[in-house]
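Everything on this sheet refers to the single structure shown next.
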Amino acid sequence: MSVEVANVSPPSETHDKWERLPSEETVHRTISALKSRGINAEFVHSRQEALELVTGLIPPGVELMMASSRTLDEIGFLALLKSGKHQWINLNDLASGEKDPAKRAELRKRNVNVDYFLGSVHAITESGETIVASASGSQIPSYAFTSKNVIWVAGTQKIVPNLEQGLRRVREHSLDLESARMRSLGFPGSVIAKILIVERELPQLGRKVSMILVNEKLGF
């Protein structure tokens, strides 16, 4: 399930509880919990600040890959990539433009091992666990292990009290909105095929995983 793509309004007020922004006290408690689990976490007040922080984390000349993400679209990062006004090697463009099946397969392998992989998540618990749901699972290898640098951007409405509530948010809210988006495009809907729960990032892996929490309602 790639639930971060389209502009889809919540179909009913039943989604309201999953879209409320928490207090800054809750956000800062969550940031402390994320850091204790090996995730670099920062808090910004606007999508403009988020975009500035994201671009500052990526050095010139590196290869990057972006998961399908409404959040990254909303902060302006997708538009920046499409404009070409940056100094990175955008593997999304290479993959989408390749027609040869064998070369596409090679690019998929390259994408999994890209040094910088960007996207979002579907829920973050106050105790620092992170939940990502997917239909294809394409982003999960990089999130979990293969990419040396992972950057997540998420609206603070995705913070939930605990893991049980996080899984409920994925099933009752994120999946519902993604299914509505898919139906609007003529498809039957969406499914959850794989769920990644990040408990912690081990320092011996030598990776840097960053979470940028934005004090706005962003993404699903």
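Hey, does segment 177-188 have a residue that's of a type in the set (F, W, Y) and in contact with a helix residue (DSSP H, G or I) (Cβ under 7 Å, 6 or more places away or on another chain)?
No, that holds for no residue.
Those residues that are within 17 Å of the chain's Cα centre (by Cα) and either among the small types (G, A, S) or in a strand (DSSP E or B) (or both), I need them from segment 194-214; list them, please.
If the condition is that a residue be within 17 Å of the chain's Cα centre (by Cα) and either among the small types (G, A, S) or in a strand (DSSP E or B) (or both), then K194, I195, L196, I197, V198, K208, V209, S210, M211, I212, L213, V214 are the ones that fit.
If only one of S179, S120 is in contact with a Gly (Cβ under 6 Å, 6 or more places away or on another chain) and closer than 24 Å to L51 by Cα, which one is it?
Only one candidate qualifies: S120.
For segment 189-204, give me each residue that is out of contact with any helix residue (DSSP H, G or I) (no Cβ under 7 Å at 6 or more places or on another chain) and without any contact (Cβ under 8 Å) to a residue 12 or more places away in the chain.
If the condition is that a residue be out of contact with any helix residue (DSSP H, G or I) (no Cβ under 7 Å at 6 or more places or on another chain) and without any contact (Cβ under 8 Å) to a residue 12 or more places away in the chain, then Q204 is the only one that fits.
Going through segment 123-151 one residue at a time, which ones are touching a helix residue (DSSP H, G or I) at 6+ places or on another chain (Cβ under 8 Å) and of a type in the set (A, V, I, L, M, F, W, C)?
Listed by number, the residues that qualify are A123, I124, I131, V132, A133, F145, V150, I151.
Among the residues of segment 125-134, is there at least one that is within 12 Å of the chain's Cα centre (by Cα), in a loop (DSSP other than H, G, I, E, B), closer than 17 Å to S69 by Cα and at pLDDT 95 or above?
The answer is no, given that none of the residues of segment 125-134 is within 12 Å of the chain's Cα centre (by Cα), in a loop (DSSP other than H, G, I, E, B), closer than 17 Å to S69 by Cα and at pLDDT 95 or above.
Starting from segment 49-74, keep only residues that are without any contact (Cβ under 8 Å) to a residue 24 or more places away in the chain and farther than 20 Å from S138 by Cα, then list their pairs with residues that are not hydrophobic (A, V, I, L, M, F, W, C) and not in a loop (DSSP other than H, G, I, E, B) whose Cβ atoms are within a distance under 9 Å, requiring at least 6 positions of separation or different chains.
So the pair list comes out as P59/Y116.
List, please: which pairs have Cβ atoms under 8 Å, are six or more places apart or on different chains, and start with a residue in segment 165-185 that is in contact (Cβ under 8 Å) with a residue 12 or more places away in the chain and under 18 Å from S69 (Cα atoms) and end with one that is part of a helix (DSSP H, G or I) and among the charged types (D, E, K, R)?
R169/K158
To keep it simple, each residue is scored yes or no on (1) of a type in the set (A, V, I, L, M, F, W, C); (2) surrounded by 22 or more Cβ atoms within 10 Å (Cβ to Cβ); (3) more than 13 Å from the chain's Cα centre (by Cα).
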site	(1), (2), (3)
I75	yes, yes, no
G119	no, yes, no
S142	no, yes, no
A154	yes, yes, no
H173	no, yes, yes
S179	no, no, yes
G186	no, no, yes
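The values are calculated or read from the model by the stated rules, or taken from the named source; none is laboratory data. This one's a predicted model, so the numbers in the text were calculated from it and none came from an experiment. In this analysis, Cβ positions are derived from the backbone assuming ideal geometry, glycine residues included, and neighbour counts consider all displayed protein chains.
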